[in-house]
Amino acid sequence: MADKQLACMTCQPKGLCGGRGLLTLKEGAWANNPLAIQVLGICSALAVTNRLENSLVMGGALIFVCVGSNLLVSLLRKRTPHRIRMIAEVAIIATFVILFDQFLRAFYWDMSKQLGPYVGLIITNCIVMGRAEAFALQNPPVLSIVDGVANGLGYAVILAIIGFFRELLGTGEIFEYKVLSGQWYTPNQLMILAPGAFFALGILIGIFNAVKGPEPGEKK
Amino acid sequence: MKGNVYTLCYTGVLGTVCALLLTAVAKITEPYKEANAQAERNHNILNVLQVPYPSKASSQQLVKIFEDNVRLEQLGKLKIYRYIPPKDSDSSETLAVGFEGPGLWGPVKGFLALGKDMKTIVGITFYEQEETPGLGGEIVSSWFREQFVGKSIVDEAGNPGIIISNSEGSAPNKVDAISGATMTCNKVQAMLNEAIKSIVEEK
C-alpha cells in the first residue's frame with residue numbers, strides 16, 4: 001500500500017486527492033459496500049431495523065464513529081507502535097462509541113432505550129475496526145475521513161432501506177404515521193420479528209449482487 | 001521497531017486522553033441523564049395513579065406534572081405516592097405503593113395503585129423485571145395488568161392478600177395466572193402480598 005500513499009496537500013485539479021477521494025467514496029458506499037457485499041456488521045443491522053427511525057439513528061452513529069476513528073487512527077498512524085495498533089484502534093473506537101451513547105442517553109432518551117445495548121456494541125462492529133485497520137492505518141487523514149463517510153453511508157443506507165420496508169410491511173406505518181390503511185392492509189408481524197430481518201437483508205444482498213454483477217475474475 | 005518505553009508512554013497518553021474526554025462528557029451530560037431516569041420513574045407512577053398528562057410530554061414536563069400532582073407521604077413504615085386531582089376534574093384520588101422482590105431471573109419492581117378506600121386496586125405497573133420473554137415477561141403486558149383493575153386486596157372475609165392462580169371460580173381478590181409462568185406468578189403474588197400486608201397494617 002505504501003506506494004499508493006498520496007499526500008493530500010498536493011490535491012490535483014481532478015478532485016479530492018487526485019481523484020482518489022471519489023474512488024474511495026464509491027468503493028465504500030457501493031462497490032465494496034460493507035453490508036451488502038462484505039456482509040459485515042449484520043448483527044446490529046438485523047437487530048435495530050424494525051423501525052425506520054431506529055435504523056437512521058444507528059446509521060448516523062456508525063457514520064460518526066467511523067469518521068471519528070478513521071481520522072484519529074490516520075492522524076496517529078505514524079506514531080502508533082505496530083505491536084499495539086489494534087488495542088489503540090479499539091480504545092479510539094470505544095471512545096467515540098461511548099461519546100455517542102452518552103449523547104443519546106442525555107438528549108434522546110427514548111431512542112436510547114429502544115436501541116438498548118446495540119449502540120455500545122458498535123465497538124465490536126467489524127466495519128469500524130476493519131476500516132481503521134485496512135484503510136486509516138495506511139492513508140492520510142482527509143482520505144480516511146472520506147473512507148469513513150463512505151463506509152458509514154454504505155451501512156446507513158442499507159439499514160434505512162431495510163428499516164423502511166420492515167416498518168412499512170410490519171406495521172403499515174412510516175415514522176409511526178399510518179401509511180397503509182388498516183382497512184385493506186393487515187400488518188405482517190413477521191417483518192417486525194427477527195425472521196423478517198433475515199428475509200429483508202437476504203433479498204437486499206441478492207439484489208445488490210445481481211445489479212453489481214460478479215467480481216472481476218469470479219466464475220459465474 | 002520502537003522501544004518498549006515509547007510503547008508504554010504511548011499507551012499511557014492515549015488511555016489518559018480517552019479517559020479524560022469520556023469523564024468530562026459523562027459529567028456534562030449527568031444532569032440530563034438523571035432527569036431522564038427520574039422522568040422514567042415519575043412516568044410509571046403517573047401512569048399507575050392515572051394522572052392525566054400529555055402523551056408527548058418531555059422529561060422536564062413530566063417532572064413538573066409529577067411535582068404538581070403527586071405528594072409523597074410517609075404512613076408508618078410505608079411510603080405512599082398520593083394523587084389528589086384538582087376539584088374540577090372528574091378523576092378520583094388514588095395512591096400508589098412500591099413493591100419489589102425476587103422474580104425467577106432477577107429482581108421485579110413495580111407500583112400498586114389503590115383507590116381512596118385503600119382497598120380497591122386501580123392499577124399495577126412493573127418498571128423493572130427480567131422474566132422470560134413471552135412467559136414470565138408477560139407480567140408487563142396489558143392483559144395481565146388490566147385484570148387487577150377493580151380487584152380488592154382483601155378476600156370476602158376481609159383477609160388481606162391477592163391470589164394469582166388459574167384455579168376454578170372467581171373471587172374479588174383473584175386474577176388469572178399466566179400459563180407457563182407459574183414460578184413468576186407465585187413470586188409476584190408473594191411480593192404483592194407482602195406489600196398488601198404492610199398496607200393493611202398501616203391503614
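The values are calculated or read from the model by the stated rules, or taken from the named source; none is laboratory data. Treat the numbers as computed from the prediction; the structure is a model and nothing was measured. No Cβ is skipped: glycine too gets one built from the backbone with ideal geometry, and neighbour counts run over all protein chains shown.
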**OP:** Assess whether B:Thr11 counts as being facing chain A (nearest Cβ under 7 Å) and crowded, with 17+ Cβ neighbours inside 10 Å.
**Re:** no
**OP:** Might you let me know whether the stretch B:60-69 holds any residue that is within 14 Å of another protein chain (Cβ to nearest Cβ) and among the β-branched types (Val, Ile, Thr)?
**Re:** yes
Original post:
Hey, any hits in the stretch B:104-118 for a residue that's within 25 Å of B:Glu138 (Cα to Cα) and of a type in the set (Asp, Glu)?
Top reply: no
**OP:** Give just the number: which of (1) outside any helix (DSSP H, G or I); (2) among the basic types (Lys, Arg); (3) under 30 Å from B:Asp117 (Cβ atoms) does B:Lys64 not satisfy?
**Re:** (1)
Subject >> Which numbered condition B:Ser142 misses (of (1) at pLDDT 85 or above; (2) away from chain A (no Cβ under 14 Å); (3) surrounded by 12 or more Cβ atoms within 10 Å (Cβ to Cβ)) >> reply: (3)
Subject >> the stretch B:31-46, subset out of contact with any Ser or Thr (no Cβ under 6 Å at 6 or more places or on another chain) and within 8 Å of chain A (Cβ to nearest Cβ), residue farthest from A:Phe103 (Cα to Cα) >> reply: B:Glu40
Subject >> Residue in the stretch B:99-137 that is farthest from B:Ala195 (Cα to Cα), counting only those that are surrounded by fewer than 18 Cβ atoms within 10 Å (Cβ to Cβ) and of a type in the set (Gly, Ala, Ser) >> reply: B:Gly134
**OP:** For B:Ala39, work out the one condition from (1) under 34 Å from the mean Cα position of the chain (by Cα); (2) of a type in the set (Gly, Ala, Ser); (3) modelled with pLDDT of 90 or more it doesn't fulfil.
**Re:** (3)
Original post:
If you take the residues in the stretch B:14-30 that are loosely packed, with under 15 Cβ neighbours inside 10 Å and of a type in the set (A, V, I, L, M), which one is nearest to the other protein chains (Cβ to nearest Cβ)?
Top reply: B:Leu21
Original post:
Any idea which of (1) loosely packed, with under 12 Cβ neighbours inside 10 Å; (2) without any contact (Cβ under 8 Å) to a residue 24 or more places away in the chain; (3) not β-branched (Val, Ile, Thr) is the one B:Lys77 doesn't satisfy?
Top reply: (2)
